[in-house]
Amino acid sequence: MKYLDSPKQIMLRNAETLVLRRPSKKDARDMLDYLGIVGGESDNLLFGAEGLKLTIEQEIEYIGRMNSDENSLMVLSFVGDTLVSIAQISASDKERIAHNAEVAISVRKSYWRLGIGEAVMRELISYAKHHKNISIVSLGVRAVNHGAKKLYEKMGFEQVGVHKDFFNVDGKFFDEILMDMHIGSQE
Ligand SMILES: CC(C)(COP(=O)(O)OP(=O)(O)OC[C@H]1O[C@@H](n2cnc3c(N)ncnc32)[C@H](O)[C@@H]1OP(=O)(O)O)[C@@H](O)C(=O)NCCC(=O)NCCS
């Protein structure tokens, strides 16, 4: 059985229920819309309000690839019918670095500070702990993204380096902080 094959429910701080699940092809339109919205709400992602500029067909293909990849997990989170977060973890398929996984996360702004980022990160880390190969989880965060850095520190990530001038946001350059978490073997 695949990790997160059935949805999980979590109670949020405001007593609403968060549902975490894998994406299905039917989510493609919602996901593209969501990415445009969160891209416009924050300068801390790799894209702005233009979103990912993918067609529905390309997004459907991506969802299919993520769901069939044993080294990746994409997690969608919903409050009612509203898509409030997309996150993913992917380990390399190259043997020499297959124990390394990268995570990425975003939460819709009107749902910040309710515990969604933390709940979703816990899910990604749990996936890594259950995975047969993954022992290092890594991420990159814009140096000025203090909220996200706090979240990652709370989860146990540690700064391991700085990528100078990695981000170019409207012609202004920002450092990227590189953070790692070394996890034990299977739970
Ligand atoms: C960063 C982000 C994912 C946090 O999501 P969230 O659902 O608001 O986070 P949570 O409510 O689960 O917060 C968990 C912890 O993170 C820290 N945190 C989150 N946002 C914070 C903020 N704005 N300021 C300070 N600490 C913050 C706190 O330690 C918090 O724990 P606490 O509530 O007990 O104090 C969200 O703000 C976001 O999507 N931002 C835009 C995109 C982005 O920056 N993505 C990350 C790119 S690397």
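If VAL84 satisfies all but one of (1) more than 12 Å from the ligand (Cβ to nearest atom); (2) in contact with a Lys or Arg (Cβ under 6 Å, 6 or more places away or on another chain), what's the number of the condition it fails?
Looking at each condition in turn, VAL84 falls short on (1).
Scan region 15-46 residue by residue and report those that are in a loop (DSSP other than H, G, I, E, B) and away from the ligand (no atom under 11 Å from the Cβ).
Matches in region 15-46: ALA15, GLU16, ARG22, PRO23, SER24.
Please find, among VAL79, VAL141, VAL107, VAL103, the residue that is closer than 26 Å to PHE167 by Cα and either more than 7 Å from the ligand (Cβ to nearest atom) or at pLDDT below 95 (or both).
VAL103
Quick check on SER135: is it modelled with pLDDT of 95 or more, of a type in the set (Gly, Ala, Ser) and within 25 Å of LEU83 (Cβ to Cβ)?
no
Residues THR55, THR17: which one is hydroxyl-bearing (Ser, Thr, Tyr), farther than 30 Å from ASP175 by Cα and touching a residue at least 12 places away in the same chain (Cβ under 8 Å)?
Result of the check over THR55, THR17: THR17.
Might you check whether a residue that is without any contact (Cβ under 8 Å) to a residue 12 or more places away in the chain and either in contact with a strand residue (DSSP E or B) (Cβ under 8 Å, 6 or more places away or on another chain) or closer than 18 Å to VAL38 by Cβ (or both) occurs anywhere in region 94-110?
Scanning region 94-110 turns up at least one residue that is without any contact (Cβ under 8 Å) to a residue 12 or more places away in the chain and either in contact with a strand residue (DSSP E or B) (Cβ under 8 Å, 6 or more places away or on another chain) or closer than 18 Å to VAL38 by Cβ (or both).
The values are calculated or read from the model by the stated rules, or taken from the named source; none is laboratory data. Given the structure is predicted, the values throughout are model-derived calculations rather than measurements. Positions of Cβ are backbone-derived with ideal geometry, glycine not excepted, and every protein chain shown enters the neighbour counts.
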